[in-house]
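Here, each number is a calculation from the coordinates, and none is a lab measurement. As the structure is a computational prediction, the values presented were derived from the model and not from experiment. Backbone-built Cβ (ideal geometry, glycine too); neighbour counts: all protein chains shown.
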Amino acid sequence: RLRPVLMTAMVAAFGFIPMAINTGIGAEVQRPLATVVIGGICSAALLTLLVLPVLYIAFEKD
C-alpha cells in the first residue's frame, strides 16, 4: 500500500503547487490556503504510512 498512498499524496500536493506560487490577483488568499492544504496532505500521508501501522500493532488482540 506504500505506492498508492505516496502517489495519491504527491499528485494532490503537486496539483496545489501552482496555487502556492501564484503572484497574480487573489494570491494573498490562495497562497496560505495552498500551503496549508499541501502540508495537510503530506502529514496525512506520513501518518497513514507510519503511525497507523504502529497503532494496529499496539492494539492488536491476541
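Picking from residues in the stretch 1-22 that are outside any helix (DSSP H, G or I) and in contact with a Ser or Thr (Cβ under 9 Å, 6 or more places away or on another chain), the one that is surrounded by the most Cβ atoms within 10 Å (Cβ to Cβ) is Phe16. Within the stretch 35-62, the set of residues being among the small types (Gly, Ala, Ser) and without any contact (Cβ under 8 Å) to a residue 40 or more places away in the chain comprises Gly39, Gly40, Ser43, Ala44, Ala58.
Looking across the stretch 23-47, the residues that are farther than 28 Å from Arg1 by Cα and surrounded by 15 or more Cβ atoms within 10 Å (Cβ to Cβ) come down to Gln30, Arg31.
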